[in-house]
Amino acid sequence: MSGDRPILLLLSASRRVIVKARALGLDVVHVEAPTMSDPGLRELCRESLVADLLDVPGIVELARSLHRRYGFAGVTSNHEPACPAAEAVARDLGLLAAGTGVTTLLRDKIATRARLAGDPDLDSPWAEIRDAGDVPAAARVVGYPMIIKPGSGSASLGIIRVDGPDDLDEAARQVRRMARNEHRYHELLPVTRFLAEPLVAGDEYSVETFSRAGRHEIQAVVRKITSSVSFVELGHLTPAELDPALRTAVGDRVRAFLDRVGLREGPAHTEVITGDAGPHVIESHARTGGDGIPELVQLVSGRDPEAEMLAHFAGVRPPAPVPAVARATAKVYLTAAGTGRIRAVDGEAEARAVPGVHAVELYAGPGDQAGPLTASWDRLGALVATAETVAQAWGIAQHAASLIKIHLEEA
């Protein structure tokens, strides 16, 4: 690592992101959470440290001391829990920041809803739930059907559907269970309160944007396929097939939302449902999309949203677009037919051999536990396919996924 290369402070980055930063001519100082520490990343960094990323004042103080040593060109993160700390550090050090508290606002879904109050296009009924006893009152405000979700969650964690009064007791039970924070990543995604809002019927999309000085460029619209039970995402189609008028309406609604919350710089991943009343913004995140969405965008556009994020906040030239691989991509996630310990996984080679399959990744294998599907991290693998149309890509991905058999141990 050259001593004259600009140095980027990255909070909670993956190997993939650190490698991209280095390819841009940057050196990296990396701060990661204790529960996600990967010693293998240290060889890629000028320095690698472990700290509590939810302790924003502590991270700011740490960054000050590191900045005196390294003189950072910028700071960023595309990991949801670390985004508020990255913005706070940037503002404290006088570096380019996403906005003025916008990442903290978007992490707090209740505060976000309050910010939208009075806007005729963005406001909608909502209620805060602090404990299970608040569920009936929330239903009286929001109506049915209703969605309850953690106020600062992600990864489709803990989403509860309430169709009517008969569901209130079960919803209260699930609120009590979630509040005990027994899920896998409770250290980084603690659940302390909940947001209740109407269940909007319609197709769901994510809108991937990039903002520069408050001007919001729409890089892609991605169709989301979700479980009707847990709302966990089961697939993505890129680009989403929208008629021109609806595409314009979705883009206008997302830009208005980003203006309202104060996003000025960098990527955003905004989730939208196109219901009978027009596009409805569910929530947004001041980062690139999860679930490998940047790769899907790059396959069809030749642009790398993650590399553009790194370059933007470090103040260096972004990479030039490369030729697109295909006109359309589809991603399908693997799940098990039941719940139990995995005995064997067959068919990976056959799936990889299907024409049009771009990638196959297994997250679990023999000895691991399968199901139930409660959050994104319960999925067992994924396949990406490319084709001329999203329908063709989806068909290829589904066929390839059907070739992979996940066998569970007998009870």
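The values are calculated or read from the model by the stated rules, or taken from the named source; none is laboratory data. Source: prediction; values computed, not measured. Neighbour counts are summed over all protein chains in view; Cβ atoms, including those assigned to glycine, are modelled from backbone coordinates with ideal geometry. In case anyone asks, the SASA skips ligands and DNA or RNA and just uses the protein heavy atoms, side chains included. Shrake-Rupley method; radii C 1.70, N 1.55, O 1.52, S 1.80 Å.
Share of pairwise Cα-Cα distances greater than 11 Å in segment 308-354 is 82 percent (whole percent). Take segment 1-51 with all the other protein chains still there, run a 1.4 Å probe, and you get 43 Å² of accessible area per residue.
The alpha carbon convex hull volume per residue for segment 55-115 rounds to 78 Å³. Here r is the Cβ-Cβ distance between residue 350 and residue 324 and R0 is 30 Å; the resulting FRET efficiency, rounded to 0.05, is 0.65. Rolled with a 1.4 Å probe across the full set of protein chains, the surface gives residue 333 an accessible area near 20 Å².
Residue separation of residue 339 and residue 218 scaled by 0.36 nm, minus their Cα-Cα distance, works out to 39.6 nm of gained length.
Within the straight-line cut-off of under 17 Å between alpha carbons, the lysines reachable from residue 109 are 149, sequence neighbours fewer than 8 places apart in one chain being disregarded.
Residue separation of residue 368 and residue 144 scaled by 0.36 nm, minus their Cα-Cα distance, works out to 76.8 nm of gained length. Annotation for residue 203 and residue 16: the two label points, set 7 Å from Cα along the Cα-Cβ direction, are 2.5 nm apart. Our helix-only sum for the chain, with -39,500 (n - 2.57) per DSSP H run of n ≥ 4 divided by its residues, gives a mean residue ellipticity at 222 nm of -9000 deg cm²/dmol.
Apply the Kirkwood formula to segment 1-102: the hydrodynamic radius equals the inverse of the mean of 1/r over all pairs of different alpha-carbon atoms; give it in Å with one decimal. Could the numbers behind the result be given before it?
On the way: mean 1/r = 0.0750 Å⁻¹.
This gives a value of 13.3 Å.
Counting only protein chains, not ligands or nucleic acids, how are 163, 119 ordered by accessible area (probe 1.4 Å), most first?
Of 163, 119, the descending order of accessible area is 163, 119.
Counting only protein heavy atoms and using a 1.4 Å probe, what share of the accessible area of segment 3-80 belongs to carbon plus sulfur, as a whole percent? Whole-percent figure for carbon plus sulfur exposure: 51. Of the solvent-accessible surface of segment 222-342, computed with a 1.4 Å probe and all protein chains present, 51% belongs to carbon and sulfur. With the alpha-carbon atoms of the chain aligned to their principal axes, the span from lowest to highest coordinate is 63, 53, 47 Å, starting with the largest. Between residue 376 and residue 36, the simple spin-label model (points 7 angstrom out along Cα→Cβ) gives 1.0 nm. Using Cβ point charges alone (K and R +1, D and E -1), the dipole size of segment 58-115 about the Cα centre works out to roughly 60 debye. Across segment 8-24, coupling constants 3J(HN,Hα) worked out from phi with the 6.51/-1.76/1.60 Karplus curve, θ = phi - 60°, read 9, 8, 10, 9, 6, 9, 7, 4, 4, 5, 5, 4, 5, 4, 5, 5, 7 Hz, and Gly and Pro carry x. Once the dipole of the chain is set up with Lys and Arg at +1 and Asp and Glu at -1 on Cβ about the Cα centre, which of 292, 395, 202 lies farthest towards its positive end? Sorting the options by dipole projection puts first 292.
Take the Cα radius of gyration of segment 257-386 and divide it by 2.2 N^0.38 Å, N being the number of residues; the result is 1.31.
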